[in-house]
Each structure stands twice: as C-alpha cells, then as structure tokens.
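This report concerns only the one structure given below.
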Amino acid sequence: MASYAARRRSDLSDLDLKAPKPGEQSRPRRIGVLGGTFDPVHVGHLRGALEVAEALGLDELRMMPSARPPHRDTPQVSAQDRLAMVECAVAGVPPLVVDARELQRDKPSWTIDTLESLRAEMAAETQVFLLLGWDAFCGLPTWHRWEELLQHCHILVLQRPDADSEPPDALRNLLAARSVSDPLALKGPSGQIAFVWQTPLAVSATQIRQLLASGKSVRFLVPDAVLAYIDAHGLYRASN
Ligand code: ATP
C-alpha cells in the first residue's frame, strides 16, 4: 500500500495545481483530448495532435483510446494492443500523453462520461479542448447526450482531407451559434467551437489495416516504434 504522502502526491498531480514561476502570470491550464479507436494510431492522428498542441499552447494533449466504440465496428486488435501502440507513439513527445480511462470502464466509451470524469479532476477554470476530425464532428448528433458536450469543453475541428461529408442541420445551427473563427480566441473553460489548420494528411487506420492485410509496407504512415510493435505482434496481417 502506498504511503498517504505518496498517494496524496499522485492525487495532486492529477489535479491542475500548476504553480506559476516567479514573475509569471498564472493562466488556466489547457488540456486537449483526442479520442479514437487508434486501430492503429497513425501520423494523421499524431501530427494533427502535435500541431494543435503547439498552436494552442496546450499543457497536455491526452490521446484516449476508446474501449467499445459506440458508433463503429469492433476494433480489429485488442484494447491492450491499441493502447500499447499509442504509448509507443507518444513516448518522449510532450505534451502528448496517453489517458487510458475509457479502457478502464466496463461500459461503452461515451464521450460525455469521459468529459465528466475529466472535469471532476480539474480546476473549474481549466480549458478543455476536444479534438475531432471533420468526419467525427459530422457524426456528433448521433452521440449520447451530445448537446451537453460543450458544457464541459471547447471543440476543435481538425480538417481531414479524406473526408467530404456535409454537416447535418443540427450542426449548422450549432456552428452558427457557437463557432469562432480564431481558435486562439476561445475563451473560458468550455462552450465554443473552432476549426484548426493542420498539415493535411490523408491517412486513415482503414488504409493502414488494408495495406498490412495485403502484405504491403506502412512505413512512414505510422511511427517506427508502432511499426515495430505491429511486426513483433503480427498484427493486422492476413492470418489475423
Ligand atoms: P478508421 O479508418 O479505422 O475509421 P481513423 O483513421 O479515422 O480510423 P480514428 O481512431 O477513428 O482513426 O480517429 C480518431 C480521431 O482522429 C477522429 O476524430 C478522426 O476524425 C481523427 N483523424 C483520424 N485520422 C485523421 C487525419 N488523417 N487527419 C485528421 N484527423 C484525423
């Protein structure tokens, strides 16, 4: 059993207690969240996440693998493998970190639950940014309690060159009411939507799975460490 002090230290590290350095103005923490199946994680996710983190000066960008994605097919490899690949991908790449909370829940990965659990750990003024690729954003009205999401976070929409869906009417209304043109102008802990520019990378996990299943290389589409994990565990090959 860890000592009280050790537990307290780890409790505190989960809270947003970041003391300003002398002469430094304290500002609210900025936390980004990128959820996904990550089956497998690829450069489209990683480069987008890093660019957003730098552009917005995020203190942390949490990559959150989903357990049982409610809106899509069952992932092809285990949650443990998907998590391990994300861990390999972000090791030593601050401010990208892994948050495995959705894998620890024995329920579907509803984003609203995730945001509520994150918020419970954070100071009220912490800014939370939920990153969604354009395709995921267009599907928002099918999400559980989707209209409450903006009570807990801002939404940053990443353009996705391989996605050409049109937003449903419900989202057009939301965009008219809540979007701001400059992501740096997002104020307060939650409530607004902005689009963010990023290097367009038309890479998808589907394409990577197909390449691997047909015996082709995915080198440079995933980090080398992820490729090494895929090879070491024989993932996605035709025999799987
Ligand atoms: P699949 O091909 O299996 O559907 P995917 O490549 O879309 O997978 P996900 O894990 O479903 O990957 O994506 C997680 C999040 O990352 C989603 O919000 C998605 O829109 C976004 N995303 C994925 N690939 C890109 C990309 N190339 N550029 C920008 N955003 C992306």
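Taking the stated definitions as given, is A67 touching a strand residue (DSSP E or B) at 6+ places or on another chain (Cβ under 9 Å) and in contact (Cβ under 8 Å) with a residue 24 or more places away in the chain?
Numbers: touching a strand residue (DSSP E or B) at 6+ places or on another chain (Cβ under 9 Å): no; in contact (Cβ under 8 Å) with a residue 24 or more places away in the chain: yes.
Against the criterion (touching a strand residue (DSSP E or B) at 6+ places or on another chain (Cβ under 9 Å) and in contact (Cβ under 8 Å) with a residue 24 or more places away in the chain), A67 does not qualify.
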Pick from the stretch 115-145, criterion of a type in the set (A, V, I, L, M) and within 14 Å of the ligand (Cβ to nearest atom), ranking: modelled with the lowest pLDDT: A136
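Determine whether L156 is in a strand (DSSP E or B) and closer than 19 Å to C138 by Cβ. Spell out how you get there, then give the answer.
Working: in a strand (DSSP E or B): yes; closer than 19 Å to C138 by Cβ: yes.
Yes, satisfied.
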Residue within the stretch 166-180 that is among the small types (G, A, S), in contact (Cβ under 8 Å) with a residue 24 or more places away in the chain and outside any helix (DSSP H, G or I) present: no
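Tell me, which residue of the stretch 95-105 that is of a type outside the set (D, E) and in contact with a helix residue (DSSP H, G or I) (Cβ under 9 Å, 6 or more places away or on another chain) is nearest to L115 (Cα to Cα)?
Step one: filter the stretch 95-105 for residues of a type outside the set (D, E), giving 95-98, 100-101, 103-105.
Filter again for in contact with a helix residue (DSSP H, G or I) (Cβ under 9 Å, 6 or more places away or on another chain), leaving 95-98, 100-101, 103, 105.
Numbers: P95: 19, L96: 18, V97: 16, V98: 15, A100: 13, R101: 11, L103: 14, R105: 13 Å.
Residue satisfying both the conditions and the ranking: R101.
Which residues, taken from the stretch 147-178, are within 14 Å of the ligand (Cβ to nearest atom) and among the hydrophobic types (A, V, I, L, M, F, W, C)?
Looking only at the stretch 147-178, we keep the residues that are within 14 Å of the ligand (Cβ to nearest atom), and these are 149, 153, 155-165, 167.
Those that are within 14 Å of the ligand (Cβ to nearest atom) and among the hydrophobic types (A, V, I, L, M, F, W, C): L149, C153, I155, L156, V157, L158, A163.
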Test set (1) closer than 29 Å to P40 by Cβ; (2) more than 9 Å from the ligand (Cβ to nearest atom); (3) touching a helix residue (DSSP H, G or I) at 6+ places or on another chain (Cβ under 7 Å); (4) modelled with pLDDT of 90 or more - G191 fails condition number: (1)
Residue match in the stretch 128-138 (condition: among the small types (G, A, S) and part of a loop (DSSP other than H, G, I, E, B)): no
Some residue of the stretch 146-167 being over 19 Å from the mean Cα position of the chain (by Cα), at pLDDT 95 or above and either of a type in the set (A, V, I, L, M, F, W, C) or surrounded by 15 or more Cβ atoms within 10 Å (Cβ to Cβ) (or both): no
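Hey, can you tell me all the residues within the stretch 181-213 that are polar (S, T, N, Q) and without any contact (Cβ under 8 Å) to a residue 24 or more places away in the chain? Write out each step before concluding.
The initial filter retains those residues of the stretch 181-213 that are polar (S, T, N, Q), namely 181, 190, 192, 198-199, 204, 206-207, 210.
Residues satisfying the conditions are S181, T206, Q207, Q210.
Please go through the stretch 202-216 and give me each residue that is assigned to a loop (DSSP other than H, G, I, E, B) and buried (at least 19 other Cβ atoms within 10 Å of the Cβ), ordered by number.
As a first pass, look at the stretch 202-216 and keep what is assigned to a loop (DSSP other than H, G, I, E, B): 202-204, 214-216.
Result: V203, single match.
The values are calculated or read from the model by the stated rules, or taken from the named source; none is laboratory data. Everything quoted here is computed from the prediction, not taken from an experiment. Using ideal geometry, Cβ is built from the backbone for each residue, glycine included, and neighbour counts are taken over all protein chains shown.
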